[in-house]
Amino acid sequence: CRTGEAKLTKGFNLAARFIIHTVGPKYKSRYRTAAESSLYSCYRNVLQLAKEQSMSSVGFCVINSAKRGYPLEDATHIALQYLPFLTQATYQKLLPLYFPRSLKEESHSLPYLPADIGNAEGEPVVPERQIRISEKPGASEDNQEEDEDDGLGVDLSFIGSHAFARMEGDIDKQRKLILQGQLSEAALQKQHQRNYNRWLCQARSEDLSDIASLKALYQTGVDNCGRTVMVVVGRNIPVTLIDMDKALLYFIHVMDHIAVKEYVLVYFHTLTSEYNHLDSDFLKKLYDVVDV
């Protein structure tokens, strides 16, 4: 269970139907905003699980204590912005700030509230995180009402090519699912295409003329079924003298327009020796990368 997450288990022999587990953050003053966000996530995710299970009541311990470096009063403010009632002394002291029992008590409490009491759900409001993506990024406001086709030629490369800009979700989670064999076929294909695009982009940006001069990969016509035949000559690949990662990039670059249709890849092992004995793992990786 990662920091800020919540997981549900049965209560077993305890006097409760369920136990909700969560992990509070370690507090460092220079990372205060991150710690606050994580602690808010703890409370929000716990209450979300309670709601999903139709729980009528839930009992909280102190999620974040001085043991993990979190100032008790700061943590209490966060808890009270989410929770209706808690019984520890510090909570009793600060409860009237959030749940005044009269107008007089409310006016008395206002000066003691922290400057940032969060949004409607109690989460901290961080201006840097309030990112908005326009309907047609890259197009000027004057052209917003023009036909959609008019914006297709706009160069959007400056927007960014990282995971967030492509809205790809949690990359680490996807890779973990791949390792566990739990990713769907469609998701695997998407992951494969993403990896291939990364390799191809790198291949197009590097100088691979030294690999090309080896003449280790070339097209030699078509077979009886009309499929393009590509030849890999093992003896022309001095594996101990060249960068095999660059060799893979070159192969990907050459194969890019070939692999869009059916093709045949033939490997000649004749006259290879210790210095040019191509590892079969290299061929497997090449096939896995370029095969569509």
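The values are calculated or read from the model by the stated rules, or taken from the named source; none is laboratory data. Note that this is a predicted model, so its numbers are computed, not measured. FYI the Cβ positions are ideal-geometry reconstructions off the backbone, even for glycines, and counts take in every protein chain you see. What goes into the accessible areas is simple: the full protein's heavy atoms, side chains included, and nothing from ligands, DNA or RNA. Shrake-Rupley method; radii C 1.70, N 1.55, O 1.52, S 1.80 Å.
Taking only protein heavy atoms and a 1.4 Å probe, what accessible area per residue, in Å², does the range 205-290 have with all protein chains in place?
Per-residue accessible area for the range 205-290 comes out at 59 Å².
Determine which residues of the range 4-26 fall in the zone a paramagnetic label at Gln53 would reach in this model, i.e. backbone nitrogen under 14 Å from the point 7 Å along Cα→Cβ.
6-22
Just need the Rg to Rh number for the range 1-43, please, alpha carbons only, Kirkwood Rh.
Reported Rg/Rh (Cα atoms, Kirkwood Rh): 1.15.
Expected output is a single nm value to one decimal: the length gained when fully extending between Arg32 and Ser280, i.e. 0.36 nm times separation in residues minus the C-alpha distance. What is it?
84.2 nm
Residue separation times 0.36 nm, minus the C-alpha to C-alpha distance between Asp288 and Gln193: what's the value?
Difference between extended and current length: 33.1 nm.
Would you mind putting 191-200, 20-29, 41-50, 269-278 in packing order, based on average other-beta-carbon counts within 10 Å, highest first?
41-50, 20-29, 191-200, 269-278
Have a look at Ser29, Tyr70, Ala6 and report the one farthest towards the positive end of the charge dipole of the range 4-71, computed about the Cα centre with Cβ charges (Lys/Arg +1, Asp/Glu -1).
With unit charges placed on the Cβ atoms, the residue in question is Ser29.
Can you tell me the FRET efficiency between Gln92 and Ile19 if r is taken as the Cβ-Cβ distance and R0 is 30 Å, rounded to the nearest 0.05?
The formula returns an efficiency of 0.70 here.
Based on the alpha-carbon gyration tensor of the range 205-290, what equivalent-ellipsoid semi-axes (square roots of 5 times the eigenvalues) come out, in whole Å, largest first?
After scaling each eigenvalue by five and taking roots: 21, 15, 11 Å.
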